Amino acid sequence: VVCKVKGVGIENNPARAASAAQAKELCVKGGLLDEEEAARVVLSEGDAFAPGAFEDATHIYLCNVGYSEDMHEAMLKEVPNCPKLKCVMTITALHDGPCKVPDGALAAAGLEYSG
């Protein structure tokens with residue numbers, strides 16, 4: 001099962017958004033996704049940090065390698081507006097290392113690190 005209800009992907013890079021759409025289509029054509037599953041996977045090009053962009057999210061995955069501090073802070077600012085959110089997953093840690101967000105930023109977003 002790809003996703004029980006709906007999976008949404010928001011990509012701000014036009015080339016990667018086009019690649020994601022092409023990959024989804026290839027999965028359908030290759031029989032890896034049936035039409036019902038494909039309908040539950042929504043891919044779009046846009047700004048994932050725009051207010052309300054992921055307010056219905058239950059899980060957020062960020063390939064945040066190369067994100068600036070401003071991008072991390074924009075994402076964290078939106079987290080409290082996601083009443084269904086259960087988990088935020090990132091490639092690069094937000095609690096320490098090169099992408100560490102300011103002290104208190106995770107807690108202010110209602111998040112805590114669990115490795």
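The values are calculated or read from the model by the stated rules, or taken from the named source; none is laboratory data. Worth saying up front: this structure is predicted, and the values here are computed from it rather than measured. Using ideal geometry, Cβ is built from the backbone for each residue, glycine included, and neighbour counts are taken over all protein chains shown. Ligands, DNA and RNA are stripped out before the accessible areas are found, and what is left, the full protein with its side chains, is counted by its heavy atoms. Shrake-Rupley method; radii C 1.70, N 1.55, O 1.52, S 1.80 Å.
Comparing C63, A74, G31 along the charge dipole axis of region 1-78, the residue lying farthest to the positive side is G31, per the Cβ-charge model.
Gain on full extension, evaluated as 0.36 nm per residue between A50 and K84 minus their Cα-Cα distance, stands at 10.5 nm. Between the entries [x] 15.4, 47; [y] 50.2, 172; [z] 14.6, 44, the label attached to Rg and Dmax of the Cα atoms in Å calculated for this structure is [x]. If the chain linking S114 and D34 were pulled fully straight, counting 0.36 nm for each residue of separation and taking away their Cα-Cα distance, it would gain 25.3 nm. Taking the DSSP beta bridges with both ends in region 1-100, the antiparallel portion is around 0 percent.
Mean residue ellipticity at 222 nm, helices only, the chain: -8500 deg cm²/dmol; runs of at least 4 DSSP H residues each add -39,500 (n - 2.57), and the sum is divided by the number of residues. Qualifying trypsin sites (Lys or Arg not before Pro) in region 1-99, where qualification requires a DSSP coil assignment and no more than 14 other C-beta atoms within 10 Å, comprise K4, K6, K84, K86. Per residue, the accessible area of the chain comes to 67 Å², computed with a 1.4 Å probe over protein heavy atoms only.
For the pair K100 and E69 in one chain, pulling the backbone fully straight at 0.36 nm per residue adds 10.3 nm over the alpha carbon distance.
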